[in-house]
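No lab work stands behind these numbers, since they all come straight from the coordinates. These figures come from a predicted structure and were not determined experimentally. Here the Cβ is made from the backbone with ideal geometry for all residues, glycine too, and neighbour counts use every protein chain on show.
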Amino acid sequence: MRDPRIGVVVITWQRREEALACVERLLALPEQPHVVLVDNGSTDGTAGAVRAAFPQVEVVALGRNHGAVGRNVGVRRLRTPYVAFCDDDTWWSPGSLSRAADALDAHPRLALVNARIVVEPAGTEDPIVAELRQSPVPGPAWLPGPALGSFLAGATVLRRDAFERAGGFSPRLWLGGEEELLATDLVSAGWELCYLEELTVHHRASKLRDATHRRRVGLRNTLWFTWLRRPLAPAVRRTLFLARTVPRDRTSLLAAFDAARGVGWLLAERRARPHPVEARLALLDEAQRRSTARRYVG
C-alpha cells in the first residue's frame, strides 16, 4: 500500500545508469514514495534520462555540483513529514520506509533512524553496521534502538521538520562526513538519533568515484567539524590523533592545508556544543579510534 508519510531524495552526479537503476527500484517499493532526484550538475545526460524514463519522478537539475546541499534542495521539494535519503548506488528494501515512518510516528523526539547496510553483490553487512549496533552513546529508555551520535545519510530516514530547523547540511562541508555536524546540532537541540535493525539499505559501491579526493575532503571536514563544535581540549586531542594516524602523504597534507584555509570562518562560526552533549558524545572518540570501518584511506 502507498505510504503518504514519506518521500525520497536521491542525489547523483555523473552516474546516469546507476541513477536510473536506483529510481527504478524506489518506484517498485510497496510504499510508492514520491521521489525527488537532484542532479548535481551532471554532464552525462542523467537528468534528461531520468525524466524520459520516469516522468512521475521530480527531477531537479542543478547547474553545478553542490554535494550534500543537493539533499537540502530535495527536502524543500517535499511536503511529507518524513524523508528518506538515497544515494545513486543504494536502495531501500521493501517495507523499510514504512517501518521507519512507524518509528518516527511513535517517538516525537526522534529526529532520524539509520538503517542496516548490506553490501552488494556479496549480501554481507557493511563493517560499519557492527559499530552502529554497538554504539556507546547513552540514550533514553524509550528509544527503539541504540542511540547514535552521527549517521550515514544514504541509509537514513529523518523527520523533515527537525532537519529544516537544524539548517540541513552545511554548504561549507560540501560532501564527505557532512553528517557529523548536522547530527551534533540535532542532539544539541534536544533530538535523538538511533539505529534500527529492522530497516535495510543495500549498497553496491559505484566504481565511478575518486577515492583520493573523497579522503582529502573527508579529512578536511573532520577537522572543520572538530574545531566548529568540540571544546578546546577534545579538539586538540582529536587533531593530534588524526595527525598521528592518517597516511603521511600528499593527500593528507593537502587536506590539512584545506582545513587551515578555513580558520577565519571557523573562528567566526565556532560554537562548542553544550557540556552535557559533549560528555555524552565524547564516548564516540574511543570507538572511532578503534574503528576498522572509519579509515582515511584512498
message: Compute, for segment 122-230, the length of the dipole vector about the Cα centre, with Cβ point charges of +1 (Lys, Arg) and -1 (Asp, Glu) only. Units Debye, rounded to 20.
response: 560
- prompt: Once you list every other residue whose beta carbon is under 13 Å from the beta carbon of A61, what net charge do they have if Lys and Arg are +1 and Asp and Glu are -1?
  reply: +1
field: Where trypsin sites (Lys or Arg not before Pro) fall in DSSP loop in segment 1-92, at most 14 other Cβ within 10 Å
entry: R2, R64, R79
- prompt: What nm value, rounded to one decimal, do you get for the distance between R244 and D161 when each label is placed 7 Å out toward the C-beta?
  reply: 4.5
Residue-count net charge about R230 - beta-carbon cut-off 10 Å; Lys, Arg +1, Asp, Glu -1: +3
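Classify segment 1-108 as rounded, prolate or oblate from the Cα gyration tensor: take a ≥ b ≥ c as the square roots of its eigenvalues, call it rounded if a/c is under 1.5, otherwise prolate when a/b beats b/c and oblate if not. If you can, show how the numbers build up before the last one.
Values: a/c = 2.19, a/b = 1.60, b/c = 1.36.
In terms of gyration-tensor shape, prolate.
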- prompt: Once Lys and Arg get +1 and Asp and Glu get -1 on their Cβ, which of V59, A49, G123 lies farthest toward the positive end of the dipole of segment 35-175?
  reply: V59
message: Skipping prolines and chain starts, which residues have an amide H placed within reach, meaning under 5 Å, of the one on L175, given they are 5 or more residues away or on another chain?
response: A68
- request: Please list the non-local residues whose amide H lies under 5 Å from the amide H of I11, H modeled 1.01 Å from N, same-chain partners needing a gap of 5 or more.
  value: V38, C86, D88
task: Treating only the Cβ atoms of Lys and Arg (+1) and Asp and Glu (-1) as charged, compute the dipole magnitude of segment 1-87 about its Cα centre; round to the nearest 20 debye.
output: 320
statement: Per the C-alpha gyration tensor (a ≥ b ≥ c, the square roots of its eigenvalues), segment 118-186 is rounded if a/c is under 1.5, else prolate if a/b beats b/c, else oblate; here it's oblate
